[in-house]
C-alpha cells in the first residue's frame, strides 16, 4: 500500500511496475502538468486530476465527479497497466492527489496499487533520478473492470446518515473550511450536518511521509467511536482529499470505509440540503 523511495528506485525500468505522477493544484489546474513536463520520475505517466481522474461535470454532481469505470480502465490500459501490474502513484502534497488514483484503481478491481511515501519531495531530496523525457505509452490489453459499487456513497446515502448516527461521515477539509470560516472554492461555506472533521494532513509527518499506522488507527478509532469502518464515509470539497483519509484508514488497518464522491461541491449544488457551521 505504501512503497518507499528505495523500493521504487529498485523497480525503475521494470515493465511490471507502472508509475503515475498525480501532481496538481486545485487553484491552478495546469500546474501539475507543467511541473511534470519540467521533471518527473523516469517512466512516470501524468494522470490529470481534471481529466483522467474525473468525469463530466453537469453543475450538480460536484467539481470532480467520477468518470465511468470503463473510461478510467481505458486510461490505465493505455499506459500499460494490466491486471497483474503494480501501480505506484505519487504527488508533491503527501498523497493528496495520488490517493485519488489509488482509490479509483481499487474501485475498478485492481489490488496492486500503492502510494510513494513522501512522494516527489522525498524523491528529489534524496537526489534520485529525474527526467523531462516523456514515456512511450505501451498499451496493454483492455482491463477487465470489476466495479466495487459498495465503495461509493451517493448523496442519498449521505442524507440517510443524517438520520442514523450508527453511520459516520468524515470531512477531510481544513478546519476553517469545515467550520465555514472561509470557502475558497465553493459557493457556500460550512459542512454537512453531523460530519466529523479530520484534515488529511493530520495523517502526515512534517516531511509528508505517513505517520505510524498504529497512531493513525488510534486517532481514527477515537473519531468514529463504535462505528464499524464499513459504516463510515469520507468527503471533502470534491472527492479528492477524502481519498487520502480513506487511504490512511486502510493503512491503519481499518478497511472498508466509503467515498462520497460528490462531496461538499455536490451537496451545496442543491440549496434545499442542510448546511451547518461551527465546530460541530
Could you say whether any residue in the stretch 179-197 is under 24 Å from residue 88 (Cβ atoms) and in contact with a helix residue (DSSP H, G or I) (Cβ under 9 Å, 6 or more places away or on another chain)? no
Where residue 51 falls short, out of the listed (1) surrounded by 16 or more Cβ atoms within 10 Å (Cβ to Cβ); (2) in a loop (DSSP other than H, G, I, E, B); (3) free of Cβ contacts under 8 Å to residues at least 40 places away in the same chain: (1)
Flag if residue 110 is within 13 Å of residue 20 (Cα to Cα) and touching a strand residue (DSSP E or B) at 6+ places or on another chain (Cβ under 8 Å): no
For the stretch 15-32, how many residues are touching a residue at least 60 places away in the same chain (Cβ under 8 Å), out of contact with any strand residue (DSSP E or B) (no Cβ under 6 Å at 6 or more places or on another chain) and surrounded by 13 or more Cβ atoms within 10 Å (Cβ to Cβ)? 4
Is it true that some residue in the stretch 245-264 is more than 30 Å from residue 116 (Cβ to Cβ) and modelled with pLDDT of 95 or more? no
Out of the stretch 250-265, which residues are assigned to a helix (DSSP H, G or I) and crowded, with 24+ Cβ neighbours inside 10 Å? 263, 264
Report yes if residue 216 is part of a helix (DSSP H, G or I) and either in contact with a helix residue (DSSP H, G or I) (Cβ under 6 Å, 6 or more places away or on another chain) or surrounded by fewer than 16 Cβ atoms within 10 Å (Cβ to Cβ) (or both), otherwise no. yes
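The values are calculated or read from the model by the stated rules, or taken from the named source; none is laboratory data. Please read all numbers here as calculations on a predicted model, not as lab measurements. Quick reminder, even Gly has a Cβ in these numbers, built from the backbone with ideal geometry, and neighbours come from all protein chains shown.
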